[in-house]
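Working notes, beginning with the structure itself.
The values are calculated or read from the model by the stated rules, or taken from the named source; none is laboratory data. What you see is a predicted model, and the numbers here were worked out from it, not measured in a lab. Backbone-built Cβ (ideal geometry, glycine too); neighbour counts: all protein chains shown. For the accessible areas, the whole protein counts, side chains as well, though only heavy atoms, and no ligand, DNA or RNA atoms are used. Shrake-Rupley method; radii C 1.70, N 1.55, O 1.52, S 1.80 Å.
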Amino acid sequence: MRYRRMPIEIESPEQLGYSTIRNNLAESSFSDMCLADYGVEADVGRLLLPYGDHLGAERLRRLIAGDSDSLSPDHVLVTAGAASALFIIATSLLGPDAHALICAPNYATNLETPRAVGADVETIDLRFEDGWRLDLERIASRLRPDTRLVSITYPHNPTGSTITPGELEALVALVESHPVARLLVDETYRELAYGDPLPMAATLSPRVLAVSSMSKTYGLPGLRVGWLTCRDDRLMETLLAAKEQIFICGAVVEEELAARVLEQRSVVLALVHAKTQRHLAVVRDWIHGHELFEWVEPNAGVVCFPRIRPEIAIDVDGFYRALLEEHGTYVGPGHWFDQDPRFFRLGFAWPTEEELAGGLEGLDRAAAGARSAA
């Protein structure tokens, strides 16, 4: 294993220090929430604290599996956030002799863990000019006999784009036609679709694995509860063995609290969607016809990936420096995702309305100053 600290972690707001940021537009989740904000009772003083079920609390797994006819609680493995689920999958399926096709830009862990285990990582690059659309023909043309994993993130981080159920089903069929490849769908933002959500990916085939968590949609990253789903019983044994060798089981308290939130899923999601749509409208009004910035409007999630227009002469480094130092505003710069620095991830559902408005004003002022200095 060759570990490398990722820029997105080194430069994260929690590492930089929240007190140094006035308008935090760098987050990729819904607002950090208290359990009480969702009306969840958190009195766990009398909760017994044994080693938990190694798969995860059965009640929690049942809530995650939902009402699907094809997905059962035994197809759910609860993990310490989605990051550990991605780690378990990559280390279970990949190695130095394995080829992985991964769509990019992407959340960094989806790329870095396969690289750390020595896999032959090939990216399928999504492009602004194509509306960040997934090119199924390109994926088909890049499959090799040694391809072990095709990895996508939809709804997408950092762009907020998504795919149709038909496109997802076509991709599943493509992977099923390969002798050994599996499809990984990071569906962390699935419940934050602006219309009907995609089906839970693991319900479509035993060759599909999916990952999600309580962090992004529910605004509860401090719970450190995520999960993976997989209908291949034999592979699930391997994934469970990996979890047991890393941390045996999850925290009983955290899994209990996550279950209490998911028991009120409909109420929680109504609150989350309402704020997300209000804030999206603010960003839409701000960027419409903007002289300096452009975007592909997101259709899911809580992030978008605007860019400084390529024809604009601007001091990009000066823009980011002034944005934070002079205007107290922080965004996720393009290099977090191995993209041109003119791009930046803007998280619009984490800040308050006042902080969002202040951050957008900071973007305007920083860009105007950097343009005049170019």
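Calculate how steeply helix 316-325 sits against the longest principal axis of the alpha-carbon atoms of the chain, using the helix alpha-carbon long axis, and give the answer as 0 to 90 degrees to the nearest 10.
80
Using helices alone, what [θ] at 222 nm do you get for the chain, with -39,500 (n - 2.57) per DSSP H run of 4 or more residues, divided over all residues and rounded to the nearest 500?
One gets -11000 deg cm²/dmol as the mean residue ellipticity at 222 nm.
Counting only heavy atoms of the protein chains, get the accessible area per residue of the chain (1.4 Å probe) and round it to a whole Å² value.
Accessible area per residue: 42 Å².
Just to confirm a number: summing +1 for Lys and Arg and -1 for Asp and Glu over residues other than Ile124 whose beta-carbon lies under 10 angstrom from that of Ile124, what do you get?
So the environment of Ile124 carries a net charge of -1.
So what's the net charge close to Leu143: Lys and Arg +1, Asp and Glu -1, counting the other residues with Cβ under 14 Å from its Cβ?
Surrounding charge for Leu143 is 0.
Suppose every K and R has +1 on its Cβ and every D and E has -1 on its Cβ; what is the size of the dipole of the chain about the Cα centre, in Debye to the nearest 20?
Magnitude of the dipole: close to 420 debye.
What stretch of the chain, leaving out the sites themselves, is the longest with no chymotrypsin sites (Phe, Trp or Tyr not before Pro) in a DSSP loop having at most 10 other Cβ atoms within 10 Å?
Result, exposed sites excluded: 52-374.
Near the amide H of Thr79, under 5 Å away, which other amide H atoms are found, from residues 5 or more places off or on another chain, if H is placed in the peptide plane?
Those qualifying (amide H under 5 Å, at least 5 residues apart or on another chain) are Gly226, Trp227, Leu228.
Taking the Cα centroid of region 131-154 and of region 210-240, what is the distance between the two, rounded to the nearest whole Å?
Region 131-154 and region 210-240 have Cα centres spaced 22 Å from each other.
Enter the Cα centre distance for the pair region 79-112 and region 48-76, rounded to the nearest angstrom.
Each part reduced to its Cα centre gives a spacing of 23 Å.
About the Cα centre of region 268-353, what is the dipole size in debye to 20, counting +1 per Lys and Arg Cβ and -1 per Asp and Glu Cβ, all else neutral?
Charge dipole, region 268-353, about its Cα centre: 380 debye, nearest 20.
Tell me the net charge near Asp364. Cut-off is 11 Å between Cβ atoms, Asp364 excluded, with +1 for each Lys or Arg and -1 for each Asp or Glu.
Net charge around Asp364: 0.
Normalised by the empirical 2.2 N^0.38 Å for globular proteins, what value does the Cα Rg of region 130-276 take?
1.13
If you look at just the Cα atoms of the chain, how large are its Rg and its Dmax in Å?
Gyration radius and largest Cα-Cα distance of the chain: 20.6, 63 Å.
Which semi-axes, in whole Å and largest first, does the equivalent ellipsoid of region 1-58 have when worked out from the alpha carbon gyration tensor as the square roots of 5 times its eigenvalues?
With the √(5λ) rule applied to region 1-58, the semi-axes are 31, 22, 11 Å.
Suppose R0 equals 51 Å; then what is the FRET efficiency for Glu291 and Phe247 from their Cβ-Cβ distance, rounded to the nearest 0.05?
Working from the Cβ atoms, E equals 0.50.
Are there any trypsin sites (Lys or Arg not before Pro) in region 38-97 that are in a DSSP loop and have at most 14 other Cβ atoms within 10 Å? List them by number.
For trypsin sites (Lys or Arg not before Pro) across region 38-97 that sit outside H, G, I, E and B with at most 14 neighbouring Cβ atoms in 10 Å, the list reads Arg46.
With r as the distance between the Cβ atoms of Asp340 and Arg22 and R0 = 25 Å, compute the FRET efficiency 1/(1 + (r/R0)^6) and round to 0.05.
Taking R0 as 25 Å, the efficiency between Arg22 and Asp340 is 0.45.
Could you give the spread of the C-alpha atoms of region 143-193 along their three principal axes, from largest to smallest, in whole angstroms?
34, 20, 14
May I ask you to give the percent of accessible area on the chain that is carbon plus sulfur, with a probe radius of 1.4 Å?
50
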